[in-house]
Amino acid sequence: MTPERRYALDALLDALGLPFDASVRVDDARLDEVFGLLTLAHERDAEVDQHGRPLPPADPPGPRVAEIATGLGLDRLGYPGGERFLVALTHDVDLLGGGGLPTAARKLAGSVAHRSRRRLLEGATFALDALSGRDPDYPLQAMLDAEGGRGSTCFFLTRQEAPQDGYPERYRPALASALEQARAAGLEVALHASYRARERPGAIAEEARVLKRPQGLRHHYLRSDPARLAAELREAHLRYDSSIGWPSRPGLRAGTPYPYRLWDPKRREPGGWELPLALMDATLSEERYLGLDADAAYAAAVEALEPVAEHGGAVAILWHPPQHHPRLSNGFDRVFRRLLEWIDERGGWAGSAAEALDRWEARRG
């Protein structure tokens, strides 16, 4: 058995919670299909957007790996805690140090000049947040209230060079305090790799050193180089990545609702974990993507998570901190809460990415 087919067989057995067993018979064509899905072979000739990210295909693969695993005719082991599926709650902290009284004053003045209700709302909210010592870009208490003690993972930037990395003059002075607050609240702190990190060898390890032994990685703008992810994790001593998702649509980019080991093409062996990103708030809300209102966004989110629940999967969802703000999120704070209720009703579990992987690995004993 080639290393590639052994990797694919192991992924199928892991999907069922079973130990590796080379005697399990699987058609070579099926193993090759699984290997191609998990290594994103179908993206090699795909069109890319302005950020160099592959565009989703017209016919996405769906939960294809789960379907192949089910077709083996073996029983799938459940989670030790009895939950049916797992959802990692994650937040990319792209902005810090926003708001403040000067910004509030500019917004309020602009609301008069442009007769803008939105600017009036933002100005009044920024003023209230500033007087209460809150950062509208990082409404931590609102995030904690929404999660109800479940826990989550915050991905923080530690390097900002490209314009897409935001506002370093605001972010850097606020970073230490934000990290301290997140850790004090019991949240997992992970690395949000900078926009150009995939272009510079050693960048991930360098950026990770700023944090205190993080376990996880997500590339900013989801702008990873999948073929290099295994090596990046190994060099930075990281456990997992959670960048494999489409910015422009929900779904299972690698055709699996399960965590899987990233393939290292140079070593021809598996590396660290990939926790698939099945859903992002910006995909649902932003006009450049789907541009949905809160009710339509909830329906689309549930549709994206249904295959995960059906197949006992484990994936991540991403909700940016400003989308938890009770006055500035256009109702997307309530979408998040409704999703957590749906997860509970379907017998799922929600928490941090690291704990989701702990629970995933515990199935296999």
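The values are calculated or read from the model by the stated rules, or taken from the named source; none is laboratory data. Bear in mind that the values here come from a model prediction, so they are computed numbers and not experimental data. So basically every Cβ, Gly included, is an ideal-geometry build from the backbone, and we count neighbours across all protein chains shown. Just so you know, the surface numbers come from the protein's heavy atoms only, side chains and all, with ligands and any DNA or RNA stripped out. Shrake-Rupley method; radii C 1.70, N 1.55, O 1.52, S 1.80 Å.
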Item checked: Gain upon complete extension [Asp75, Ser132; 0.36 nm per residue less C-alpha separation] -> 15.1 nm
Notebook entry, point to check: Taking the mean number of other Cβ atoms within 10 Å as a proxy for protection, how do you rank 63-72, 305-314, 37-46 from highest to lowest?
Noted result: 305-314, 63-72, 37-46
Notebook entry, point to check: Can you give the accessible area of Leu292, probe radius 1.4 Å, in Å² rounded to 10?
Noted result: 50
Notebook entry, point to check: What does the charge add up to near Leu77, with Lys and Arg as +1, Asp and Glu as -1, over the other residues with Cβ less than 10 Å from its Cβ?
Noted result: +2
Next item on the list: Report the label-to-label distance for Arg25 and Arg327 in nanometres (one decimal), using points 7 Å from each Cα along the Cα→Cβ vector.
Entry: 6.8
Note to self: Given a 1.4 angstrom probe, I'd like the percentage of the accessible area of the chain that is carbon and sulfur, rounded to a whole number.
What the structure shows: 49
Check: Per residue and in cubic angstrom, what volume does the convex hull of the Cα atoms of the chain have?
Finding: 138
Checklist line | Karplus 3J(HN,Hα) series, Hz, for segment 146-155 with 6.51 cos²θ - 1.76 cosθ + 1.60 (x for Gly, Pro) | finding: 5, 6, x, x, 6, x, 6, 10, 10, 9
Checklist line | Ala185 paired with Arg267, simple spin-label distance in nm, labels 7 Å along Cα-to-beta-carbon | finding: 3.5
Next item on the list: Excluding Gln50 itself, calculate the net charge of residues whose Cβ lies under 12 Å from the Cβ of Gln50, where each Lys or Arg counts +1 and each Asp or Glu counts -1.
Entry: +1
Notebook entry, point to check: In whole Å, what is the distance between the alpha-carbon centres of segment 188-212 and segment 38-99?
Noted result: 22
Next item on the list: Please give the contour-minus-distance gain from Ala296 to Tyr167: 0.36 nm per residue of separation, less the Cα-Cα distance, rounded to one decimal in nm.
Entry: 43.3 nm
Check: In nm, what is the difference between 0.36 nm times the number of residues separating Ser248 and Arg200 and their Cα-Cα distance?
Finding: 14.7 nm
Notebook entry, point to check: Which FRET efficiency, nearest 0.05, do Arg334 and Ala124 yield, Cβ-Cβ r, R0 22 Å?
Noted result: 0.65
Margin query: Using a 1.4 Å probe on the protein heavy atoms only, what accessible surface does Trp349 show? Give it in Å² to the nearest 10.
Written below: 40
Next item on the list: Considering only DSSP beta bridges where both residues belong to the chain, give the percentage that are antiparallel (nearest 5).
Entry: 15
Check: Please state the relative contact order of segment 268-344 as a whole percent: Cα pairs under 8 Å, 6+ residues apart?
Finding: 33
Notebook entry, point to check: In percent, how large is the relative contact order of the chain, given Cα pairs closer than 8 Å and 6 or more residues apart?
Noted result: 23
Note to self: Principal axis extents for segment 122-223, Cα atoms only, whole Å, descending order, please.
What the structure shows: 43, 31, 21
Margin query: Relative contact order of segment 234-312, please, whole-number percent, based on alpha carbon pairs below 8 angstrom and at least 6 residues apart.
Written below: 31
Note to self: Please list, in order, the residues from segment 176-215 whose amide nitrogen is less than 17 Å from a point placed 7 Å along the Cα→Cβ vector of Asp358.
What the structure shows: 183-190, 213-215
Notebook entry, point to check: Accessible surface of His51 in the full protein assembly, 1.4 angstrom probe, to the nearest 10 Å²?
Noted result: 20
Checklist line | Distance (nanometres) between label positions extended 7 Å along Cα→Cβ at Leu55 and Arg234 | finding: 3.5
Notebook entry, point to check: Rounded, prolate or oblate: which fits segment 257-350, taking a ≥ b ≥ c as square roots of the Cα gyration tensor eigenvalues, rounded meaning a/c under 1.5, else prolate when a/b beats b/c?
Noted result: prolate
